[in-house]
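Every number here is computed from the coordinates shown, using simple stated rules; none is lab data. Predicted model, so just to flag it, every value in this text is computed and none were measured. Because the Cβ atoms are built from the backbone with ideal geometry, glycine has one as well, and the counts that use them run over all protein chains shown.
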Amino acid sequence: MHKKINVLLINGPNLNLLGSREKEIYGDETLYDLLDNLKKRSEKLNISLSHVQSNAEHVLIEKIHSSKKNNIDYIIINPAAFTHTSIAIRDALIGINIPFIEIHISNIYAREDFRSHSWLSDISQGVITGLGFDGYYWALETISKRCCIQKK
Ligand code: DQA
């Protein structure tokens, strides 16, 4: 087993509404359901998972900035609508230089044209889009594998 990995999960605006928001796109499970399942999976993978959800861009940016002093090894981020607008979040992630995986519950390429552009994808380790909540689980699995190789 690898050393404990510190992962920060960031969920952007309106993801607090999961379970009631546009269920035909985002499903009927809540953010609480998602976190509960991810916590359980993290324990099995020897990952310490911290989480922030905010509707405010500056809160997410400050959390990204504090990742260094909090010894975060990896970030999983669903920037939600900030994906398509936020150069500030892009710059924050470049500034801290911690690897991250970008997640979208829906397939952003199969929706309105404005969702096809992400300010984060090209600086991410990879993007998972359209796999529902499973995308978050796959991100955890990938991090576990990658950090296992680096930290042994
Ligand atoms: C989303 C896709 C974004 O376009 C949208 O603004 C969201 C959620 C997703 O998880 O599918 O709020 O990031």
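Structural remarks
- Scanning the stretch 91-127 for residues that are more than 10 Å from the ligand (Cβ to nearest atom), part of a strand (DSSP E or B) and crowded, with 16+ Cβ neighbours inside 10 Å gives PHE100, ILE101, VAL127.
- Against the test of being within 16 Å of the ligand (Cβ to nearest atom), exposed (fewer than 14 other Cβ atoms within 10 Å of the Cβ) and among the charged types (D, E, K, R), the options GLU57, GLU43, GLU24 yield a single qualifying residue, GLU24.
- Residues in the stretch 74-89 that are touching a Ser or Thr at 6+ places or on another chain (Cβ under 9 Å) and surrounded by fewer than 23 Cβ atoms within 10 Å (Cβ to Cβ): HIS84, ILE89.
- Enumeration of residues in the stretch 60-90 that are more than 15 Å from the ligand (Cβ to nearest atom), in a loop (DSSP other than H, G, I, E, B) and farther than 14 Å from VAL7 by Cβ: SER66, LYS68, LYS69
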